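Worksheet: one structure, shown below.
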Amino acid sequence: MAEQYMVGVGGVIASLLGFVFLYCNSLIRFRGLKKLNRAASMEFPKKNSVNKTGKSEGVGTADIIIVGAGVAGAALAYSLGKDGRRVRVIERDLNAPNRMAGESLIPGGYLKLIELGLVGKQEKS
C-alpha cells in the first residue's frame, strides 16, 4: 500500500515539474528571451539619474547605492567615494525634518568623522 502511495506522489511531482518546464519554455518561445531578460533586469530610469553638476548620467553607473543621506549614509558615501567607487545616495525627502531622528552623534561617531576628515566641512544653515 505504501509503495503505491509513493508511486502516486512521485507521479504527481513529475507531472507538476513537466508542466512548469513546458510553461517556461512556451514563455521563452512566444515572448522571446530578450523581453524576459529586460523585465527581470534592475536598471535605473535615465530621467532620475543626475550627478552633482546637474547633468544626466548613464544607466547603471553607480558601484554602490546608499539609501539614506543622514550622518552615517553621508559619511559612508564620502569614504567610499574617496576610495574611487562610484556612489549614489538616495534620500526620501531633502527638506529639513520636523523631528530629530538620528541627527545627533555619540562621541564614537564624532571621532569617526574626525578620522574621515569631515569635521569642519559641513555647511552652516
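Listed values, structure above:
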| quantity | calculated |
| --- | --- |
| Amide H within-cut-off set for VAL89, under 5 Å, with H built and near neighbours excluded | ILE66 |
| For peptides 82-92, 4-14, 68-78, sequence by mean Cβ density within 10 Å, most packed first | 68-78, 82-92, 4-14 |
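No lab work stands behind these numbers, since they all come straight from the coordinates. Just so it is clear, the structure is predicted and the values come from calculations on it, not from any experiment. Neighbour counts are summed over all protein chains in view; Cβ atoms, including those assigned to glycine, are modelled from backbone coordinates with ideal geometry.
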